[in-house]
Amino acid sequence: MTPGTISVAKELTKLKLGLIKDGLDFKARLPMGRAGAPDEVARVALVLASQASSYVTGALIPVDGGFLSS
């Protein structure tokens, strides 16, 4: 949960149907079927900051649960 998602959740309690539809559309597009957690992004950053990625250059690593490929 981030400040942005928390504010959207508060708006949902006001029954803003457009936001509910947007949220359902977004979730339907996630191949993993769930939102990511901050530690999932942090783990990729940790690998890139470590010697485990010493031969990695100029790579784009999406950490989006497959969102860009759907």
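List the pairs whose first member sits in segment 43-70 and is free of Cβ contacts under 8 Å to residues at least 40 places away in the same chain and surrounded by 10 or more Cβ atoms within 10 Å (Cβ to Cβ), whose second member is among the basic types (K, R) and not in a loop (DSSP other than H, G, I, E, B), and whose Cβ atoms are under 9 Å apart, counting only residues at least 6 apart or on separate chains?
Correct list of pairs: V63/R43.
So which helices (runs of 4 or more DSSP H) are wholly in the chain and hold at least 1 residues that are modelled with pLDDT under 80 and under 14 Å from the mean Cα position of the chain (by Cα)? Lay out the reasoning, then the answer.
Details: elements: 3-12, 17-28, 38-49.
Ranges flagged: 3-12, 17-28.
The values are calculated or read from the model by the stated rules, or taken from the named source; none is laboratory data. Because the structure is a prediction, the values reported are computed rather than measured. Virtual Cβ from ideal backbone geometry, glycine too; neighbours counted across all protein chains shown.
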